[in-house]
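One structure is given below, encoded as structure tokens.
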Amino acid sequence: MNFHEYQAKELFAEYGIPVPAGRVARSPEEAVAAAKALGGNFWVVKAQIHAGGRGKAGGVKLCKTLDAVQDAAKALLGTTMETYQSAGRKLPIDVVLVTEASDIAKELYLSMLVDRATRSVSFIASAEGGVEIEEVARTNPDAIQHLDVNYVQGLQPYQCRKLGFALGLNAKQTGQLTKLMLGLFKLFNERDLALVELNPLAIDTAGNLVVLDGKVNSDDNADFRQPKLVALRDVRQEDEAEVLATQYNLNYVTMDGNIGCMVNGAGLAMATMDVIKLEGGEPANFLDVGGGATKERVTEAFKLILSSDKVKAIFVNIFGGIVRCDMIAEGIIAAVKEVGVKIPVIVRLEGTNVEKGKEILASSGLAIQPADDINDGARKAVAAAA
Ligand code: ADP
Ligand code: MG
């Protein structure tokens, strides 16, 4: 699950990580009131969306007067924003964060994630942070530092100091970095996070570290024990089809292509997407209807796939292991009848009672194209979508 910057900063503050004072606003009037309450005469109004890259897209506005704060909030609220990180989606701006502007001397990068390769929680850091971090990673990978945390020992202060010196920090800043990293590590573990990114982690002109932007992602598997995090969910920032899928307990991810896939088992779903690409097509989604694919689930899955008008053909690829192929065939027919599918549907069934399943589909009178195997099915789906 993803969080807004303002929510991330609230979490950081709870763990003693320095963030500038800020307040959220849902109207230009609230933004002005927020700036007044913060005091000072230099603020930043920031669009709250589940994507970075806001600075480059005009979502971070520096304001030196209350009028400017009002104008910035007016320009942002109620609009949508697409950034190079929003995966082609326009995200709604319902909230802005009004925050103190910092005088920045330098922008660093610091993130934390679960690194499967080293089987540890790892920190990634760079002295060259800010909005060009992807460029730094591409052109100057040596400027990126890695630190793995030993699972048993936990994060050790000496590791933080070593990283601080590698980033060119002085002794005072290295002390601040150590405290900040120990706080982050505690936050990461206690709240079951999957990713934290501070970019920029700034050094202000007084020489102190302050977190100016924060991205947090939590591990959904731990939702059951993180009710406070779950309460922060903002479904308006999420893909509509994916939100629907979670309601039906379907594993669904929207993709860019035009061939809808309905498959049981994550492995077979991945293989199906691979074969579609091999045949020159592009999958519109990943969808695992699960081992217990009942008629109801198949119907919901069809609705979900058809909720996108990008989809030009559907490839159903089901292995009847625990479920029987004849039952699946009946489910498909019921779903096609109920939902009223107007695009070609290609079905490949294999496994228990496969012959009976094929017979049921063939005698249904519906325009369902049978496929002999995964390659045949993918080929037919690609041809049908073209
Ligand atoms: P994004 O990563 O989505 O582009 P950021 O919050 O990182 O958004 O803002 C982009 C840039 O705007 C930062 O790199 C920083 O230079 C500037 N900025 C952001 N917040 C502040 C702030 N509170 N004070 C001063 N400058 C800021
Ligand atoms: Mg940023």
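Taking the stated definitions as given, is Lys46 within 16 Å of ligand 2 (Cβ to nearest atom), of a type in the set (D, E, K, R) and closer than 16 Å to Lys215 by Cα?
When the stated conditions are applied, Lys46 passes them.
Matching residues to (1) of a type outside the set (S, T, N, Q); (2) under 25 Å from Ala335 (Cβ atoms); (3) at pLDDT 95 or above; (4) within 16 Å of ligand 1 (Cβ to nearest atom):
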{"site": "Leu195", "(1), (2), (3), (4)": "yes, no, yes, yes"}
{"site": "Gln247", "(1), (2), (3), (4)": "no, yes, no, no"}
{"site": "Met273", "(1), (2), (3), (4)": "yes, yes, yes, no"}
{"site": "Arg297", "(1), (2), (3), (4)": "yes, yes, no, no"}
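Go through the residues of region 119-134 one by one and say whether even a single one is surrounded by fewer than 16 Cβ atoms within 10 Å (Cβ to Cβ), within 15 Å of ligand 2 (Cβ to nearest atom), of a type in the set (Asp, Glu) and under 22 Å from Ala202 (Cβ atoms). First the steps, then the outcome.
Step one: list which residues in region 119-134 are surrounded by fewer than 16 Cβ atoms within 10 Å (Cβ to Cβ), which gives 119-120, 132, 134.
Filter again for within 15 Å of ligand 2 (Cβ to nearest atom), leaving 132, 134.
Still in the list and also of a type in the set (Asp, Glu): 132, 134.
Now drop any that are not under 22 Å from Ala202 (Cβ atoms), which leaves 132, 134.
Among the residues of region 119-134, at least one is surrounded by fewer than 16 Cβ atoms within 10 Å (Cβ to Cβ), within 15 Å of ligand 2 (Cβ to nearest atom), of a type in the set (Asp, Glu) and under 22 Å from Ala202 (Cβ atoms), which makes the answer yes.
From the list Lys64, Lys36, pick out the single residue that is of a type in the set (D, E, K, R) and within 13 Å of ligand 1 (Cβ to nearest atom). Break it down stepwise before answering.
On the way: Lys36 fails: within 13 Å of ligand 1 (Cβ to nearest atom).
Matching residue, one of Lys64, Lys36: Lys64.
Output yes when any residue across region 165-176 is free of Cβ contacts under 8 Å to residues at least 40 places away in the same chain and closer than 30 Å to Val32 by Cα, and no when none is.
No.
Return a yes/no flag: does region 201-216 have any residue that is surrounded by 14 or more Cβ atoms within 10 Å (Cβ to Cβ), within 16 Å of the chain's Cα centre (by Cα), away from ligand 2 (no atom under 13 Å from the Cβ) and at pLDDT 95 or above.
There is no residue in region 201-216 that is surrounded by 14 or more Cβ atoms within 10 Å (Cβ to Cβ), within 16 Å of the chain's Cα centre (by Cα), away from ligand 2 (no atom under 13 Å from the Cβ) and at pLDDT 95 or above.
Filter region 76-113 down to the residues that are surrounded by 14 or more Cβ atoms within 10 Å (Cβ to Cβ) and at pLDDT below 95, then identify the one that is farthest from ligand 2 (Cβ to nearest atom).
Top of the filtered list is Arg89.
Considering only region 336-350, how many residues are assigned to a loop (DSSP other than H, G, I, E, B) and closer than 23 Å to Phe319 by Cβ? Outline the logic, then answer.
Of the residues in region 336-350, the ones assigned to a loop (DSSP other than H, G, I, E, B) are 340-344.
Then drop every residue that is not closer than 23 Å to Phe319 by Cβ, which leaves 341, 344.
Within region 336-350, residues that are assigned to a loop (DSSP other than H, G, I, E, B) and closer than 23 Å to Phe319 by Cβ number 2.
Taking region 97-120, which residues are in a strand (DSSP E or B), of a type in the set (A, V, I, L, M) and away from ligand 1 (no atom under 12 Å from the Cβ)?
Leu110, Met112, Leu113, Val114
Here is a yes/no grid of residues against (1) more than 30 Å from the chain's Cα centre (by Cα); (2) among the polar types (S, T, N, Q):
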{"position": "Ile314", "(1), (2)": "no, no"}
{"position": "Asn317", "(1), (2)": "no, yes"}
{"position": "Gly321", "(1), (2)": "yes, no"}
{"position": "Arg324", "(1), (2)": "yes, no"}
{"position": "Val336", "(1), (2)": "yes, no"}
{"position": "Gly340", "(1), (2)": "yes, no"}
{"position": "Gly365", "(1), (2)": "yes, no"}
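Taking region 40-61 as the search range and keeping residues that are among the β-branched types (Val, Ile, Thr) and near ligand 1 (Cβ under 6 Å from one of its atoms), which one is farthest from Val131 (Cα to Cα)? Walk me through it before giving the result.
First pass over region 40-61, keeping only residues among the β-branched types (Val, Ile, Thr): 44-45, 49, 60.
Within this subset, residues satisfying the condition of being near ligand 1 (Cβ under 6 Å from one of its atoms) are 44, 60.
On the way: Val44: 16, Val60: 12 Å.
Applying the filter and picking the extreme gives Val44.
Among the residues of region 208-223, how many are in a loop (DSSP other than H, G, I, E, B), more than 22 Å from Lys90 (Cβ to Cβ) and among the charged types (D, E, K, R)? Spell out how you get there, then give the answer.
At the first step, the residues of region 208-223 found to be in a loop (DSSP other than H, G, I, E, B) are 208, 212-213, 219.
With more than 22 Å from Lys90 (Cβ to Cβ) added as a condition, the list becomes 208, 212, 219.
Right, trim to among the charged types (D, E, K, R) and you get 219.
Of the residues in that region, 1 qualify.
The values are calculated or read from the model by the stated rules, or taken from the named source; none is laboratory data. Here the structure is a predicted model, which is why all the values come from computation and not from measurement. Cβ atoms come from the backbone with ideal geometry, glycine included; neighbour counts cover every protein chain shown.
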